[in-house]
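Report on one structure; see the data block that follows.
The values are calculated or read from the model by the stated rules, or taken from the named source; none is laboratory data. Bear in mind the structure is a predicted one, so any value in this text is a computation, not a measurement. Quick reminder, even Gly has a Cβ in these numbers, built from the backbone with ideal geometry, and neighbours come from all protein chains shown. The area values use the complete protein model at the heavy-atom level, side chains included, leaving out ligands, DNA and RNA. Shrake-Rupley method; radii C 1.70, N 1.55, O 1.52, S 1.80 Å.
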Amino acid sequence: MARRNKNEYLMEDEYDDEDNQDYDEENQEGVITKEMINKMFKDLRQVMPAKITRKEIMKALEDSNYNFEKAKAELNALINSKPAESVPKPSKEVKKHPKEQAVVEEEKVKSSPATKPIPSESTPINLNQIYPNIEYDCLKSSEPRDETINLVVIGHVDSGKSTTMGHLLFDLGYVTHGKMTQYEKQSKLQGKPTFHYAWVLDEGTSEREHGVTINVALKHFQLKDKNFMLLDAPGHKDFIANMISGAAQADCAILMIDSKKSSFSAGFKEKGQTREHAILARCLGVTQLVVAINKLDMVLHSLNL
């Protein structure tokens, strides 16, 4: 009978433990049986460490012509050639007192590279910190923030924000007499004779026709050594989004309040814009607020107050 090729034998997951023949023993035909290979594999698996794989054991058996001792020697040589696995040593950390640990953490923070500060609850947050990639149209022509103070004027609709600020710019010389005369004539032709100061800031056709601020007006003026960027925000509730875009860039604000009883009450009602603008400005990081009482000449008041 022809000797069978050793590569024809395949390993299985289960082994036969009943075969106790010697490893080098062959049968009458000189053939190494499958049971003998299984037993040699099983015994080598028991004496070899776990890092020796099944494939490596089978290769050693094949290379040694299924000689147990030679296969074992080959596997031992393979073990010695493999790098030893480094076992991490347990760190001996001494537990520190909570106060000492806090001091150590503080020193680590000081010595670490500068990172972007995380705002605390007391730190005001504006929209630029939350959405740094947003560009607001109202500030495209503004000067750098470290040289200019952004001042936003907020308040209920028709409280006199644009008129008051237009009058201020005229008194400071930023609007010429000829320009103001032109505004006065044009406003009278449109049936709005008292709106000529407001037109200094309300330059849009729709704004002048309806007599209401729609977009955030932008004007620059200077007082002594301070530069100001004036942001005139709309007071109508339909344009609250434009008001937010202006207040989000402000360093400080002027809250304009109409002193007439009906307008004053309307501004502080549940949906009043005096109340809502003040809350929004604070939420957007404006912590300095000037309250301006307007139209006192239209109510009874004492000049001695």
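The figures follow:
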{"quantity": "Distance from region 151-199 to region 231-275 (C-alpha centre basis), Å", "calculated": "18"}
{"quantity": "Solvent exposure of region 156-241 as accessible area per residue, Å², 1.4 Å probe", "calculated": "53"}
{"quantity": "Given Lys179/Lys295; Lys185/Lys226; Lys188/Lys260; Lys185/Lys271, the pairs whose alpha carbons are separated by over 31 Å", "calculated": "Lys185/Lys226; Lys185/Lys271"}
{"quantity": "Taking region 254-300 and dividing mean pair separation by its residue count, relative contact order in percent (alpha carbons under 8 Å, at least six apart)", "calculated": "59"}
{"quantity": "Accessible surface of region 167-249, 1.4 Å probe, proportion on carbon and sulfur as whole %", "calculated": "52"}
{"quantity": "Order of exposure, largest accessible area first, which applies to Tyr174, Tyr183 with probe 1.4 Å", "calculated": "Tyr174, Tyr183"}
{"quantity": "Chain lengthening between Val47 and Asn65 when straightened (0.36 nm per residue, less Cα-Cα)", "calculated": "4.5 nm"}
{"quantity": "14 Å beta-carbon shell around Leu44, net charge (K/R +1, D/E -1)", "calculated": "+3"}
{"quantity": "Cβ charges +1 (Lys, Arg) and -1 (Asp, Glu), total dipole of region 168-219, debye", "calculated": "140"}
{"quantity": "Contour minus Cα-Cα distance for Thr287 and Lys179 (0.36 nm per residue)", "calculated": "35.3 nm"}
{"quantity": "Neighbourhood charge, 13 Å Cβ-Cβ cut-off, centred on Phe264 and excluding it, Lys, Arg +1 and Asp, Glu -1", "calculated": "+3"}
